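The values are calculated or read from the model by the stated rules, or taken from the named source; none is laboratory data. Source: prediction; values computed, not measured. Glycine gets a Cβ as well: all are built from the backbone with ideal geometry, and neighbour counts include every protein chain shown. To get the accessible areas, we keep the full protein, side chains included, count just its heavy atoms, and leave off ligands, DNA and RNA. Shrake-Rupley method; radii C 1.70, N 1.55, O 1.52, S 1.80 Å.
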Amino acid sequence: MDTSTSSPKSPVSTIGVLLVNLGTPASPAVKAVRTYLAEFLSDPRVIDYPRWLWLPLLYCVILALRPSQSAKAYASIWTAQGSPLMVNSRALTDAVAQGCESANIRVELAMRYGQPSVASALQRLLSAGARRVLVLPLYPQYSATSTASVFDAVNSALSAVRHVPEFRTIADYHAEPDYIDALAASVQEYWRTHGRAERLLLSFHGIPQRYVRAGDPYATQCLETAALLRDRLGLDESSFVVSFQSRVGREKWLEPYTDETFATLARQGVRRIQVLCPGFAVDCLETLEEIAIRGEEQFIAAGGEKVDYIPALNAGADHVKLMRALIDRHIRGWVE
């Protein structure tokens, strides 16, 4: 009789993967937009002014005026299925999750602002038995205003958990070969279908220049993404332009500004441009309304003729391949 003692094998635990995007209002109604903007704009990572100065301005002025304007913008792109950002993010999450079950990996989607919240998505992973969690913000380029804010939310949610799981984070993927290849393939496919315009404009979301001077690497990473993509497409500088969109307030943001670039190109005699927004993992308000609708209006008003918006990677096969490659690399050591 074998009298040796041995510990029973521990059951294989689930690995949780948390994909996190920015967020969206629950509806294009003014009240829903106000609720969303209040959460978003009160984040110190987004607006770092002293709270005693910023919060009264936010609640007494900005939230009294901006939600109605933003609600109209959301309404112009809202679909029967809901917010494009939510629809596209869920489609991407579902595609990434396919096949992961066999590796005991569970994938959940969270929004930094709005629903599903980071805390609720983490709780679903923990309830499913996840003792190891990989956090993947859907922001190719790191910024404290976006990526670091996701990490803040994860840490805050876990502060209320008694048995905290082991977790890892992916800070950025702005120079990943699969990411550059996916962007290049999307542009080339668009060219095959629609032909090439006189200029290819890459429009990234902007941040205040002050944040960059304080050490945020976002601008450098955007320019590196642009340079890699330009080389991958074989374009010269005369046919390739980089700009930054979505600025608000009076302080200087990253330049050149996209809206001013539209006008400048039109005044230079450019009649048709194509725009790609590499900083957005899926299509959303900033791509579908700010670029595809308002951007074209600005370009035409300045004398141009046509703006072709090249869709985000969304739930395309190349994007799913990129996400799975990132996950596989970062969970090494967690699986046999």
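Of the strands (runs of 3 or more DSSP E) that lie entirely inside segment 149-257, those containing 1 or more residues that are under 18 Å from the mean Cα position of the chain (by Cα), closer than 27 Å to Lys306 by Cα and modelled with pLDDT of 95 or more span 199-205, 240-245. With the structure loaded, tell me whether Glu166 is of a type in the set (D, E, K, R) and in contact with a strand residue (DSSP E or B) (Cβ under 8 Å, 6 or more places away or on another chain) or whether it fails that test. Spelling it out, Glu166 is indeed of a type in the set (D, E, K, R) and in contact with a strand residue (DSSP E or B) (Cβ under 8 Å, 6 or more places away or on another chain). Taking the numbered list (1) surrounded by fewer than 20 Cβ atoms within 10 Å (Cβ to Cβ); (2) under 24 Å from Ser186 (Cβ atoms); (3) at pLDDT 95 or above in turn, Ala263 passes all entries but (2).
What pairs can you find where one residue is in segment 21-34 and in contact (Cβ under 8 Å) with a residue 40 or more places away in the chain, the other is hydrophobic (A, V, I, L, M, F, W, C) and open to solvent by 40 Å² or more (accessible area, probe 1.4 Å), and their Cβ atoms are less than 6 Å apart, with a gap of 6+ or different chains? Pairs found: Pro28/Ala75; Pro28/Trp78.
Ser246 fulfils the conditions (1) in contact with a Leu (Cβ under 9 Å, 6 or more places away or on another chain); (2) closer than 15 Å to Cys222 by Cβ; (3) open to solvent by less than 60 Å² (accessible area, probe 1.4 Å) except for a single criterion, (1). Is there a residue in segment 179-200 that is within 30 Å of Ser42 (Cα to Cα), touching a helix residue (DSSP H, G or I) at 6+ places or on another chain (Cβ under 6 Å), buried (at least 21 other Cβ atoms within 10 Å of the Cβ) and aliphatic (A, V, I, L, M)? Checking segment 179-200: not a single residue is within 30 Å of Ser42 (Cα to Cα), touching a helix residue (DSSP H, G or I) at 6+ places or on another chain (Cβ under 6 Å), buried (at least 21 other Cβ atoms within 10 Å of the Cβ) and aliphatic (A, V, I, L, M).
Do we have any residue at all in segment 131-140 that's crowded, with 21+ Cβ neighbours inside 10 Å, touching a Gly at 6+ places or on another chain (Cβ under 8 Å) and among the charged types (D, E, K, R)? Taking every residue of segment 131-140 in turn, none turns out to be crowded, with 21+ Cβ neighbours inside 10 Å, touching a Gly at 6+ places or on another chain (Cβ under 8 Å) and among the charged types (D, E, K, R). Of the residues Ser159, Ser146, the single one that is under 24 Å from Gln123 (Cα atoms), touching a strand residue (DSSP E or B) at 6+ places or on another chain (Cβ under 9 Å) and polar (S, T, N, Q) is Ser146. Does any residue of segment 48-69 turn out to be touching a residue at least 60 places away in the same chain (Cβ under 8 Å) and open to solvent by less than 40 Å² (accessible area, probe 1.4 Å)? Among the residues of segment 48-69, not one is touching a residue at least 60 places away in the same chain (Cβ under 8 Å) and open to solvent by less than 40 Å² (accessible area, probe 1.4 Å), which makes the answer no. Can you confirm whether Arg106 is in contact with a helix residue (DSSP H, G or I) (Cβ under 8 Å, 6 or more places away or on another chain), surrounded by fewer than 21 Cβ atoms within 10 Å (Cβ to Cβ) and under 23 Å from Val87 (Cβ atoms)? Judged against the criteria, Arg106 is a match.
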